[in-house]
Amino acid sequence: MWDENAPIYDPRRTLSQNRATVDDRRPVKDFQTIYKWMHGLNSSYHALQVSVDKRYSRGFTVSTSYTWSKNLDYVSSQSWGGAFGINNPLNFFFSRGNSDHTRQHRLINSFVWDLPRLQKGSTADAILGNWRLSGIITLQSGRPFSVGATNNPMAGAGAARADLVGSGYPVLDPGRSKGEKLAAYFDKARFTNPAPNTYGTLGRNTLFGPGFANADVSLTKGWRLPFLREAGRIEYRFEAFNLLNATHLGNPVTGQTNPNFAKILGTDGGPRILQMALKVAW
């Protein structure tokens, strides 16, 4: 969705004067925003995908997959009445960049291990033997983000992004302590507001937030229930989500006028969750 009747900036006027005359500068007079939907854009996805599997044998199976990818689009989501998907209604290519769904690196490992049995028929085996341990380990790079402009430098014609000043990648060393990353994830001095009638020099989604590392595991064991006939069975399941109780940092605050600019205030995903369940089948 984009504004087909976006106002044309008048360089003879000041920024405040342009902001005060938005409807006067629209190409189609007597109309305000003209919402237009179209399907003329595209997205592309390229990836190296590698997987290694160990088939089930001796009570153990494991599957590992790695993806190195790049996903480009102009807009990653759009809903009726929401914000415009196209930042610059006069140049759609200004919005082309990393998709919101991009994860450049993603490693997934899953396994199932039938733990060895003890002496068959013994009390110890009934309690401690024949358990099944399974889990999923996820390692992936962070989500992309941009830093937007403030003060409406285009005076109603789309949404500008910040100017990136200096050279090099503005995200600070990811090897710093957690406290340092929370206080300043990127160098906020590298971003300035663009001049009036400019959309900024920072590309869309060119910055990436903190990575993600998580482990989920489950432990299950079943017993037969002969009084419920052949299909009778009870199963106990213990599950741990985010087993190590890792703090998965979210993306930083990107509003330049926000007092928390460049700080990380949120997380992606919850803390450790433990749950147990009993299931009876017959």
| task | State whether one or more residues within the stretch 212-228 are touching a residue at least 12 places away in the same chain (Cβ under 8 Å) and closer than 17 Å to VAL171 by Cα. | result | yes
| field | Extreme residue, surrounded by the most Cβ atoms within 10 Å (Cβ to Cβ), among residues of the stretch 224-245 that are small (Gly, Ala, Ser) and modelled with pLDDT under 95 | value | GLY232
| Just to be sure, is PRO210 outside any strand (DSSP E or B) and touching a strand residue (DSSP E or B) at 6+ places or on another chain (Cβ under 7 Å)? | yes
| query | Restricting attention to the stretch 104-154, and to residues there that are at pLDDT below 90 and on the phi > 0 side of the Ramachandran plot, which single residue is surrounded by the fewest Cβ atoms within 10 Å (Cβ to Cβ)? | reply | GLY121
| query | Can you find even one residue in the stretch 56-70 that is closer than 16 Å to SER95 by Cβ and part of a strand (DSSP E or B)? | reply | no
| request: Give me the pairs, please: first residue somewhere in the stretch 1-17 and touching a residue at least 24 places away in the same chain (Cβ under 8 Å), second residue anywhere and of a type in the set (Phe, Trp, Tyr) and surrounded by 12 or more Cβ atoms within 10 Å (Cβ to Cβ), beta-carbon distance under 6 Å, and either six or more positions apart or on two chains. | output: MET1/TYR35; MET1/PHE84; TRP2/PHE84
| query | Going by the conditions given, is THR61 surrounded by fewer than 17 Cβ atoms within 10 Å (Cβ to Cβ) and at pLDDT 95 or above? | reply | yes
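The values are calculated or read from the model by the stated rules, or taken from the named source; none is laboratory data. What you see is a predicted model, and the numbers here were worked out from it, not measured in a lab. Positions of Cβ are generated from backbone atoms using ideal geometry, with glycine treated the same way; all protein chains shown enter the neighbour counts.
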